[in-house]
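The values are calculated or read from the model by the stated rules, or taken from the named source; none is laboratory data. Note that the structure is a prediction, hence the values are computed from the model and not measured. Cβ atoms come from the backbone with ideal geometry, glycine included; neighbour counts cover every protein chain shown. Surface areas here come from the heavy atoms of the whole protein model, side chains and all, with no ligands, DNA or RNA. Shrake-Rupley method; radii C 1.70, N 1.55, O 1.52, S 1.80 Å.
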Amino acid sequence: MALRTIRTEEDPVLRKKSRIVDKFDDRNNTLIDDLRDTLIDSGGVGLAAPQVGVLRRVVVVMDTNKKDLTPEEQIIELVNPEIVKTEGKQKGPEGCLSIPGICGIVERPEKVTVRALDRKGNEFEVEGTGLTARAFCHEIAHLDGQLYVDIAERMMTEEELDEYYENGGDKK
Ligand code: ZN
């Protein structure tokens, strides 16, 4: 287990498409373990393999709705994830560990169902709402080289974000 360096916006690896995982071996397990450690260390809610320079379809997302769990227990590991169902809409601020210091207002579904494989290659489905749904969409987009800045309605600095919250945010 180890921390990996999070690549930032100017790194071209973030714009590439990741490959499907077809080997559920030690190398893939180490990648998943390192993504977990790096995510917890960063304080973020999700991390995708291309953000640490690995073009494989693997992401980890924290289910922050499960407040009784520890951060380690909140992590959902998703291999070859696909969004199979969405419901509703939410609009709100979103940031990215690869683009520090700023955020943007992004519209996402309120509820998302993801189909993925676990680290052993077994298929499962998982649902997320609110921030977790947002994180599923954000991280899965990374696997196709897409960043939230491409779809943000407007960008904000951290000071502007504070103001945004003071004014009650966007109405749904
Ligand atoms: Zn991101």
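Taking the DSSP bridge list for the chain and keeping only pairs wholly inside it, about 95 percent are antiparallel. Checking the cross-link filter: which aspartates and glutamates have an alpha carbon closer than 18 Å to that of LYS17, excluding same-chain neighbours under 8 positions apart? The qualifying aspartates and glutamates are GLU9, GLU82, GLU139, ASP144, ASP150. In the chain, a dipole from Cβ-located charges (positive for Lys and Arg, negative for Asp and Glu) runs towards its positive end, and of VAL21, VAL61, THR38 it is VAL21 whose Cα lies farthest in that direction.
Positive end of the charge dipole of the chain (Lys, Arg +1 and Asp, Glu -1 on Cβ, about the Cα centre): tell me which of PRO109, TYR165, ILE83 has its Cα farthest that way. Of the listed residues, the answer is ILE83.
Note that the range 45-50 has calculated 3J(HN,Hα) couplings of 10, x, 8, 10, 3, x Hz, one per residue in order, obtained from phi through the Karplus relation 6.51 cos²θ - 1.76 cosθ + 1.60 (θ = phi - 60°); glycine and proline are x. Note: relative contact order over the range 12-166, using C-alpha pairs below 8 Å and six or more positions apart, is 25 percent.
Explain nothing, just the number: relative contact order of the range 30-103, from Cα pairs under 8 Å at least 6 residues apart, as a whole percent.
25 percent
What separates the Cα centres of the range 62-97 and the range 129-162 is a distance of 12 Å. Probing with 1.4 Å while keeping every protein chain in the model, the per residue accessible area of the chain equals 53 Å². Across the accessible surface of the range 12-166, with the other protein chains kept in place and a 1.4 Å probe, carbon and sulfur atoms take up 47 percent. On the principal axes of its alpha-carbon atoms, the chain has extents of 49, 33, 29 Å, going from largest to smallest.
A simple charge model with +1 on the Cβ of Lys and Arg, -1 on the Cβ of Asp and Glu and nothing else charged puts the dipole of the chain at about 700 debye relative to its Cα centre.
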